[in-house]
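Asker: Handing you a structure now.
Readers should treat all values here as calculations from the given coordinates under stated rules, not as data from a laboratory. Since this is a predicted model, take the numbers as computed values, not measurements. Don't worry about glycine lacking a Cβ; one is built from the backbone with ideal geometry, like all the others, and counts go over all protein chains shown.
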Amino acid sequence: MTLAVGVIQTDGFPPALAAADALVKSAGVTLVYFGLAERAEFLVAVRGKTAEVHRAMEAGIAAADTTPPGGKLVSHYIIPNPPENVESVLPIDFTDQVERFRM
């Protein structure tokens, strides 16, 4: 089964937390990555069936975009079927840490 990946980048921690919460509560996806980008920007990534990732991303984008002042949505992107090479290099694959939450 092919799985999509969705990534949200925020400026500040509160919108990243709000996005992560909305992502996993709104659809059948698994949070596979959280990390720092540059300039106090944060990344959250989810994996799941393409339709589920699209639904989760809509909720995550809305949550990040409406977080109180001091943080904001920077960017977002969905890849419907990342190739194996991308999965092996970038931190978007299921790890032992998140495997028990896999949808």
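Asker: Loop only per DSSP, at most 14 neighbouring Cβ atoms within 10 Å: give me the GluC sites (Glu not before Pro) in segment 3-103, ordered by residue number.
Answerer: Counting only loop positions with at most 14 other Cβ atoms within 10 Å, the GluC sites (Glu not before Pro) in segment 3-103 are GLU38.
Asker: Shape call for segment 1-60 from the C-alpha gyration tensor, a ≥ b ≥ c root eigenvalues: rounded (a/c under 1.5), prolate (a/b greater than b/c) or oblate?
Answerer: Prolate is the answer for segment 1-60, as a/c is 1.5 or above and a/b outweighs b/c.
Asker: I want the local charge near THR67. Using Cβ-Cβ distances under 15 Å, sum +1 for each Lys or Arg and -1 for each Asp or Glu among the other residues.
Answerer: Overall, the nearby charge balance is -3.
Asker: If you work out mean projected area of the Cα convex hull in nm² from the coordinates, which of [x] 5.5; [y] 6.0; [z] 6.6 do you get?
Answerer: Matching entry in [x] 5.5; [y] 6.0; [z] 6.6: [y].
Asker: Right, here's the next one. What residues have an amide H closer than 5 Å to that of VAL32, excluding those fewer than 5 places away on the same chain, when H is modeled at 1.01 Å from N in the peptide plane?
Answerer: Residues meeting the amide H criterion: ALA45, VAL46, ARG47.
Asker: While we're on this one: What is the sum of charges, Lys and Arg at +1 and Asp and Glu at -1, for the other residues whose Cβ falls under 14 Å from the Cβ of ARG55?
Answerer: +1
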